[in-house]
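Just below is one structure, and these are the notes that go with it.
Nothing in this text is a laboratory measurement; each read-out follows from the coordinates by a stated rule. Owing to the predicted nature of the structure, the values given are computational and were not obtained by experimental measurement. Here the Cβ is made from the backbone with ideal geometry for all residues, glycine too, and neighbour counts use every protein chain on show.
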Amino acid sequence: MIIMARNKNLSVKLRRGKNLKQNKSVPNWVMIKTRRKVSTNPTSRRSWRNNKLKRD
């Protein structure tokens with residue numbers, strides 16, 4: 001479940017929710033199955049403090 005402030009458009013919430021889900025590391029079973037060829041996430045990991053999203 002994603003918790004956000006109320007005063008946003010639905011489209012903004014959906015976009016931020018999608019970015020929140022994408023911001024996860026690759027599961028260990030994927031690294032094992034691909035023999036570490038896939039070790040990083042295609043979309044780079046993002047920290048809320050360092051890398052900001054594009055303007056909503």
**Request:** Would you please name the residue that is surrounded by the fewest Cβ atoms within 10 Å (Cβ to Cβ), looking only at residues in the stretch 17-52 that are under 9 Å from the mean Cα position of the chain (by Cα) and under 17 Å from MET4 (Cβ atoms)?
**Result:** LYS21
**Message:** Return the pair list, or none, for Cβ contacts closer than 9 Å from residues in the stretch 29-56 that are over 21 Å from LEU14 (Cβ atoms) to residues that are surrounded by fewer than 10 Cβ atoms within 10 Å (Cβ to Cβ), at least 6 apart or on different chains.
**Reply:** MET31/LYS37
**Residues located in the stretch 10-56, provided they are outside any helix (DSSP H, G or I) and hydrophobic (A, V, I, L, M, F, W, C)** = VAL26, VAL38, TRP48, LEU53
**Condition met for ARG55 (loosely packed, with under 10 Cβ neighbours inside 10 Å, charged (D, E, K, R) and on the phi > 0 side of the Ramachandran plot)** = no
